[in-house]
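Notes follow once the structure below has been shown.
The values are calculated or read from the model by the stated rules, or taken from the named source; none is laboratory data. Every value quoted in this text rests on a predicted model; they were computed, and no experiment measured them. Please note: Cβ atoms are built from the backbone with ideal geometry, for glycine as well, and neighbour counts cover all protein chains shown. The protein model used for the area step is the full one, side chains on, heavy atoms only, and it has no ligands, DNA or RNA in it. Shrake-Rupley method; radii C 1.70, N 1.55, O 1.52, S 1.80 Å.
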Amino acid sequence: MPSDILTQKCSDPIGIFDSGVGGLSIAKRITEHLPNEQIIYFADSAFAPYGDISNQQIIERVNFIANSLINKQCKAIVIACNTATVNAIDQLRKRVTLPIIGVEPAIKPAAAISTSKKIGILVTQATANNARFLALVEQYKNGAQVFIQPCLGLVELIEQGLQSSEKFICLLKQYLTPLIAQGVDTLVLGCTHYPFMSDEIQKIVPNEINLIETATPVSEQLKRQLIKHHLLAENPATLAHQFYSSSENPTQNEIFSQLWGTNTNIKILK
Ligand code: DGL
């Protein structure tokens with residue numbers, strides 16, 4: 001895997017990836033926070049959802065994507081996926097010397113603001129089962145009671161732009177009702193697809209429940225890493241953002257463009 005940080009320049013792009021559209025919630029914040037940067041976004045839609053595949057398969061996909069982004073001259077990589085981060089970031093950091101920024105459920109800030117000391121964490125099944133994630137919960141829960149809720153089926157529907165469908169709302173209610181009954185006052189969105197269902201969550205849970213996501217801390221961490229490695233773009237990017245997907249699904253460009261706000265013009269990369 002080519003990965004020598006000495007060859008990277010400030011004007012090189014930032015590689016960002018997820019199993020699908022979820023990482024756009026992170027990519028969007030990055031482009032707002034670091035407007036000089038050019039991004040290359042990769043959606044591994046042919047293999048989504050990662051929540052349902054094995055740890056070994058996730059590692060293989062992460063290494064393939066990281067390799068592709070490095071070949072496109074990326075100066076840093078953002079794993080904009082909680083499931084890929086907890087399953088594969090450690091091994092990637094051992095192979096690659098570029099700054100690699102991951103996403104982990106924001107348990108620490110949730111524990112800090114919860115007054116009922118009851119926190120719900122919405123995650124994929126592969127995150128819920130992961131030892132690194134469970135250790136993170138223990139490390140940061142700060143005496144709070146934590147309810148981990150795997151949300152099977154939601155990522156697939158968000159990938160199809162079906163957050164408002166009856167099936168989606170029914171599943172969401174099924175996952176949120178027990179958490180509300182337990183008295184949680186803070187909900188951690190532990191999957192980058194879930195900010196795209198914030199409106200639907202707000203309609204189900206009481207008003208006073210806090211929703212916590214991770215886009216801002218991730219873009220701040222990226223900025224710190226770029227500064228540390230002298231890689232922060234000094235001038236506005238001359239090239240447009242680029243979007244790739246491993247899937248040939250003809251409808252995905254429409255869903256991506258809707259979430260991104262302008263035409264993403266997705267290219268296929270396998
Ligand atoms: N957006 C991913 C995450 O943050 C996705 C999950 C999936 O593909 O299951 O975990």
With a bin width of 5 angstrom, please list the P(r) values of segment 55-180 as percents of all Cα-Cα pairs, from the 0 bin to the one holding the largest distance.
-> 2, 10, 17, 18, 17, 16, 12, 6, 3, 0
Using a simple spin-label model with points 7 Å from Cα along the Cα→Cβ vector, what separation in nm is obtained for residue 198 and residue 181?
-> 2.9
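At 4 °C and 1.567 mPa s, grab the translational diffusion coefficient of segment 135-268 from Stokes-Einstein with a Kirkwood Rh over Cα pairs, rounded to a whole number in µm² per second.
Translational diffusion coefficient: 73 µm²/s.
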In a solvent-free Debye calculation with one equal scatterer on each Cα, what is log10 I(q)/I(0) for segment 163-242 at q = 0.19, 0.25 Å⁻¹, listed in the order of the q values?
-> -0.86, -1.25
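How high is the relative contact order of segment 28-165, in percent, with contacts defined as C-alpha pairs under 8 Å that are six or more residues apart?
Contact order relative to length: 22 percent.
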Rounded, prolate or oblate (a/c below 1.5 giving rounded, otherwise prolate when a/b exceeds b/c) for segment 20-84 by Cα gyration tensor | oblate
Name the shape class, rounded, prolate or oblate, that the alpha-carbon gyration tensor gives for segment 1-117, where a ≥ b ≥ c are the square roots of its eigenvalues, rounded holds for a/c under 1.5, and otherwise prolate holds if a/b is larger than b/c and oblate otherwise.
-> oblate
The chain, Gaussian network, Cα under 10 Å: of 25, 11, 116, the residue fluctuating most is 116
Relative contact order for segment 93-246 using alpha-carbon pairs under 8 Å, separation at least 6, rounded to a whole percent?
-> 30
Around residue 49, with a cut-off of 9 angstrom between Cβ atoms, what is the net charge of the other residues, counting Lys and Arg +1 and Asp and Glu -1?
-> -3
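Can you give the Rg to Rh ratio for the chain, taking only C-alpha atoms and Rh from Kirkwood?
0.96
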Just the accessible area per residue of segment 131-267, please: how many Å² with a 1.4 Å probe?
-> 53
Residue 46 to residue 59: extension gain in nm, 0.36 nm per residue of separation minus the Cα-Cα distance?
-> 3.2 nm
Any idea of the accessible area per residue across segment 1-113, 1.4 Å probe, to the nearest Å²?
-> 34
Return the single residue from 85, 192, 31 with maximal mean-square fluctuation; model: Gaussian network over the chain, springs between Cα atoms under 10 Å.
-> 31
For residue 207 and residue 166, what does the FRET efficiency come to when R0 = 22 Å and r is the distance between their Cβ atoms, rounded to the nearest 0.05?
-> 0.40
Net length gained if the chain between residue 93 and residue 108 were fully extended (0.36 nm per residue, minus Cα distance) | 3.1 nm
Using a/c under 1.5 as the rounded threshold, could you call segment 125-185 rounded, prolate or oblate? The axes a ≥ b ≥ c are square roots of the C-alpha gyration tensor eigenvalues, and prolate needs a/b larger than b/c, oblate otherwise.
-> oblate
Burial-style ranking of 213-222, 142-151, average other-beta-carbon count within 10 Å with highest first, yields 213-222, 142-151
Can you send over the carbon and sulfur percentage of the accessible area for the chain, probe radius 1.4 Å, protein chains only?
-> 51
For the chain, what does -39500 (n - 2.57) per DSSP helix run (n ≥ 4), summed and divided by total residues, give at 222 nm, in deg cm²/dmol to the nearest 500?
-> -12500 deg cm²/dmol
So how much slack lies between residue 239 and residue 147, counting 0.36 nm per residue of separation and subtracting their Cα-Cα distance, in nm?
-> 28.7 nm
Compare the Cα positions of 41, 21, 247 along the charge dipole of the chain (+1 at Cβ of Lys, Arg; -1 at Cβ of Asp, Glu; about the Cα centre) and return the one farthest towards the positive end.
-> 41
